[in-house]
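Worksheet: one structure, shown below.
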Amino acid sequence: MFKSAYLERVFNDVLKKDNGQPEFIQAVETFFLSMDDIISMTPQIEKYGIMERLVEPERLIHFRVTWVDDQGITRVNRGYRVQFSSVLGPYKGGLRFHPTVNASTMKFLGFEQTFKNALTGLPMGGAKGGSDFSSIGKSDGEIMRFCQNFMLELYRHIGPDTDVPAGDIGVGAKEIGYLYGMYKKIRNESVGVMTGKGLTYGGSLVRKEATGYGLCYFVSEMLKTYRSDRMDDKKVVISGSGKVGLYAAIKAHELGAIVVGMSDVNGYIHDPEGLKMDIVTELASNGELSKRYHERTGCEYGNDPRGLWRVPCDIAMPCAIQNELDLESAKALVANGCYLVAEGANMPCTLEAEKYFTENQILFAPGKAANAGGVAVSLFEMSQNAMHYPWPYDEVDDKLKGIMKEIFFKCYTAARRYKNPYDLISGANIAAFLRVYEAMMDQGIQ
């Protein structure tokens, strides 16, 4: 599979040790596929066991969360925090509450987060955490009790200079508030230990919009560099109607694009004239986008979210969840004229879909680069908390634009030097790896 015998050996070790963790194995394979040329040029990587150290998290914390529901029944969930790498700074990564959460998803997300954070150029290590708990169908009281009990286990492993969690799927403003409130009560201190907080108690402007906005800023740089073009009048489809998908749609519309399709867990909607952003914003906020939008406007509706990838478009932005866009969907996108795919979620495209896009010369933006806007603004929030001073909206947004432009430039430069200018997957992996590698070498074997 790999030209390097060293990479082949390390990957086979991963297959043996992490058997039954397909998401993590997929993330490692995608990363290693970019590393062959770097390995041949840098023998110190093998000598000092860099790859063996990179694929093994520094710490994997697995704990029980016990809570009581509204009927007085005791419930038990699993909680995780994977502190993957602290070589660049305090651990930083979100918390995900979703039934699919397990050790494999946490490790893959923490692994990806390490390199995503490296690309920002900011002092952040990589981590991820969460639980198989779902807030769907739960009362506010049940969500609060779960979050408080989750923090009763997590608090001993986090801190403003140790590990700073944020939100992710299933963890929004409500959950962050409950989690932070319990941490503050336990520790008797108000510090920037969580990001994504409410604006009334230390949150940052632009944080909720950051991943979606940053995705569009990255795509704008791609269009300018590769096609001497802009977002104006480009037909865009976006999967997912959470924070990432919603704010990607809003920013794409602001930049002049025509958002012709979106999806959620219930299905997809399509209007070749462009979706109405005021209605999208209203309904996405309530988690009722596809069915309710169809009822309000009479646009095309399908009850299979994957039908979105059959909608003719110029640009596709998968923003929902890992491996949502498979080979069949990739073929449908290409057949219907799509020429640019940008990942707003973490690893939403399967490895087979990625390869198909590459083989068909589709411009492709990997998630570890294109969706880094959220964690960048999380670091801005940490800085504001440390200063005890909030920044205005325009200042944060300008900083976000600058970070995304810089990330694109790093990926593009590395792609040109080591692979080819269009291979942003390798460019992102190599640029991120080189920063992590240099820090590991400087700090010695640990």
Query raised in the report: Restricting attention to segment 412-446, which residues are in the same structural domain as T42 (by TED's automatic domain parsing), more than 21 Å from the chain's Cα centre (by Cα) and not in a loop (DSSP other than H, G, I, E, B)?
Result: Y437, E438, A439, M440, M441, D442, Q443
Report summary line: Sole miss for N371 among (1) modelled with pLDDT of 95 or more; (2) more than 12 Å from the chain's Cα centre (by Cα) is condition (2)
Report task. Among the candidates G212, G242, single out the residue that is more than 23 Å from L424 (Cα to Cα) and of a type in the set (G, A, S). Result -> G242
Query raised in the report: Quick one: is K251 crowded, with 19+ Cβ neighbours inside 10 Å, at pLDDT below 95 and among the charged types (D, E, K, R)?
Result: no
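Can you list the helices (runs of 4 or more DSSP H) found entirely within segment 298-383 that contain at least 3 residues being touching a residue at least 40 places away in the same chain (Cβ under 8 Å)?
Values: elements: 327-335, 351-359, 367-370.
Filter on segment 298-383 gives 351-359, 367-370.
Can you tell me how many residues in segment 165-197 are of a type in the set (S, T, Y), closer than 20 Å to K138 by Cβ and buried (at least 24 other Cβ atoms within 10 Å of the Cβ)?
First pass over segment 165-197, keeping only residues of a type in the set (S, T, Y): 178, 180, 183, 190, 195.
Now narrow it down to the ones that are closer than 20 Å to K138 by Cβ: 178, 180.
Of the ones still in play, those that are also buried (at least 24 other Cβ atoms within 10 Å of the Cβ) are 180.
Here the count works out to 1.
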Report summary line: Looking across segment 117-147 at residues that are surrounded by 18 or more Cβ atoms within 10 Å (Cβ to Cβ) and polar (S, T, N, Q), the single one that is modelled with the lowest pLDDT is S135
Requested in this report: Read through the list (1) surrounded by fewer than 18 Cβ atoms within 10 Å (Cβ to Cβ); (2) outside any helix (DSSP H, G or I), then give the number of the only condition that Y155 fails.
Outcome: (2)
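The values are calculated or read from the model by the stated rules, or taken from the named source; none is laboratory data. Note that the structure is a prediction, hence the values are computed from the model and not measured. Methodologically, a virtual Cβ is constructed for each residue, glycine included, from the backbone with ideal geometry; neighbour enumeration extends over all protein chains shown.
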